[in-house]
Amino acid sequence: MTLVKTFVEQNTIRRRGTGLKAYNPEKAFKGYTLFTPLTGNGEVYLLNLQGEVVHQWNLPYPPGLYGYLLPNGNLFYNGKTPEIPPRFPLWSAFKGGVVLEVDPKGNIIWEYQHPDHHHDGRKLRNGNVILLAIEKIPQSLVPRIKGGVAGTEADGDIYADVLYEVTPAGEIVWTWHAYEHLDPEKFIITPQDQRHEWTHGNTVGELADGNIIVSFRNISTVAIIDRQTGNIIWTLGDDVLAQQHFPNELPNGNILIFDNGAHRRHTALNFSRVIEVNRQTQEIVWEYTDSPPHNFFSSYISGAQRLPNGNTLITEGAYGRIFEVTEEGELVWEYINPHFAARNVPGEKSLVARGEQNSVFRAFRYAPEEVPWL
C-alpha cells in the first residue's frame, strides 16, 4: 500500500478559505471596497462586489495603518517609516510616520512626515490634516497614572497622545495634549496593558460641527474635543466600551463605534459588537453582534462604516474579514483578505508578531460616483 502525502494548510484562517465568501446582490450596497493589508508593503486594493481587484496602488511605504478615499477621488494614506530601535515594545506594530495624498495613478500630490505619528491621520475640511501622535507625559505625572502591568513603563516614562493640525505647507497650527485634559483618577489603564502608554489613541476625526472625536483604547474611552477651547465636552467610557476603535459620526449625529470587547467590565465572554450611540442620551440605539456572540471577535484594530442604504460595512480586523450586514443584522456580503505575511514587529516574544497574518486595520465601501475615475 502506497501512502500519499497530503498537504494540510496549517494557518487556520487561510485553511478556512479566503476571497469572496458571500454576496447577496439584492441587498448589498452597490460599490467598491477599499482595504489595505496591514502586513503589506504598501499595496492598497479596490474590489468590486464579486471580490475582484479593479484597482491597485503600490505605495512607497508600508501601511501605518490604512488609507481611505477623499472626496476628490484621491487616496489619503497613513504610511510607516522605520524607527530602530523602537521607543517601547510594540511601537513598531502601530507606528506611522508619514501621511500622503496620491492620485489614482499613484502620483504623490502631498506628503508630510512626523516621527511621532501613529495609527491615524485625516484630511480636514479646511484642507489641513490632523494627526494622531504620541509624546512623553511630564515625569511628575507618571506616579499618578493608574492601572496597567506594574513596572512596564518605557525606561520610567509613559507616553500619551497628542494631536497636531498641519497645513499643506507642513506648519503645525494647532496642538492638543491628552495629559492636560484627562484626569488620571478617572481614566485608568486596563489591567492587562503595559504602562509605556497611558491612552493609546487609535482614531482621530472631524465632526460636522468642526469638533474633534478621538478614541483611546487603553482607557476604553471615546472623547469629543471642543475645537475652539480644547476642552473635552463628551465622553463614553468603560462602563459601555472595551478597547474600542473607529468612532465616526453618522448623518443623524449619532456615533458608530466598533466595540472590540476584550476584557469587558460586565461579562467574562470576549466578543465584539458594533454599536450606534445617541450623542445626547448615550443610549445604544442599534447594535450588531453575531449569534453566538463569540463568533464575531477582534481584540484589536477593526472598524465599521454605515452605508447610504442603511447597511453597515464591518472590518473584523484581526482576521482580515470584511462583511456587510443589514439593519436587521443579516449578512449580505463577506470577503476574507487573501494576503498573508508576518507582522513587522521586532522581538521574538511578541505575540502579535507570531505567524503569518491577513489583518486589515479598516476598510471602506464607496459608491460608483465616488470613484469617477474608475
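The values are calculated or read from the model by the stated rules, or taken from the named source; none is laboratory data. Just so it is clear, the model here is predicted, and its values are computed rather than measured. Quick reminder, even Gly has a Cβ in these numbers, built from the backbone with ideal geometry, and neighbours come from all protein chains shown. Protein only, heavy atoms only, side chains kept; ligands, DNA and RNA dropped before computing areas. Shrake-Rupley method; radii C 1.70, N 1.55, O 1.52, S 1.80 Å.
A few comments on the model shown:
- Label reach from GLN192 (point 7 Å along Cα→C-beta): in the range 351-365, amide nitrogens under 13 Å belong to 351-352.
- Relative contact order (%) - the range 12-370, alpha-carbon pairs under 8 angstrom, separation at least six: 16
- Taking every C-alpha pair closer than 8 Å and separated by at least 6 residues, the mean separation divided by the residue count of the range 191-324 gives a relative contact order of 14 percent.
- Computed over the chain, Cα set: Rg, Dmax in Å: 20.2, 80
- Carbon/sulfur fraction of accessible area - the range 107-164, other protein chains in place, 1.4 Å, %: 48
- A full extension of the chain between GLN228 and ASN278 corresponds to an added length of 15.7 nm, given 0.36 nm per residue minus the alpha carbon distance.
- In the range 113-238, the inverse of the mean reciprocal separation of distinct Cα atoms equals 14.8 Å; this is its Kirkwood hydrodynamic radius.
- Taking 0.36 nm per residue of separation and subtracting the Cα-Cα distance, full extension of the segment from VAL4 to THR167 would add 52.3 nm.
- Sites matching GluC sites (Glu not before Pro) across the range 251-316 that sit in DSSP coil, with at most 14 neighbouring C-beta atoms within 10 Å: GLU283
- Binned Cα-Cα distances of the range 168-250, short to long, each 5 Å bin given as a whole percent: 3, 14, 25, 25, 18, 9, 4, 2, 0
- C-alpha center-to-center spacing [the range 143-184, the range 188-246] in angstrom: 12
- If R0 equals 25 Å, the separation of the Cβ atoms of SER299 and ASN72 corresponds to a calculated FRET efficiency of about 0.10.
- Total lysine pairs under 17 Å (Cα atoms) in the chain, excluding pairs fewer than 8 apart on one chain: 5
- Whole-Hz couplings from phi, Karplus 6.51/-1.76/1.60, listed for the range 314-323; x for Gly and Pro: 10, 10, 8, x, 4, 10, x, 9, 10, 8
- The range 31-93, accessible surface, carbon-and-sulfur percent (1.4 angstrom probe): 54
- Potential extension, HIS266-ALA341 segment - 0.36 nm per residue separation minus Cα distance: 23.5 nm
- Highest-first packing order for the peptide set 198-208, 51-61, 73-83 is 198-208, 73-83, 51-61, based on the mean count of other beta carbon atoms within 10 Å.
- Dipole size of the chain about its Cα centre, with +1 on Lys/Arg Cβ and -1 on Asp/Glu Cβ: approximately 940 debye, rounded to the nearest 20.
- Total formal charge among the other residues, if their Cβ is under 15 angstrom from that of ARG122, Lys/Arg +1 and Asp/Glu -1: -2
- Hz values of 3J(HN,Hα) by residue in the range 47-55 - Karplus curve (6.51, -1.76, 1.60), Gly and Pro given as x: 10, 8, 6, 7, x, 9, 6, 9, 7
- Average accessible surface for the range 182-271: 35 Å² per residue, computed with a 1.4 Å probe over protein heavy atoms with every protein chain in place.
- Calculated mean residue ellipticity, 222 nm, the chain: -500 deg cm²/dmol, from DSSP H runs (n ≥ 4) at -39500 (n - 2.57) each, averaged per residue and rounded to 500.
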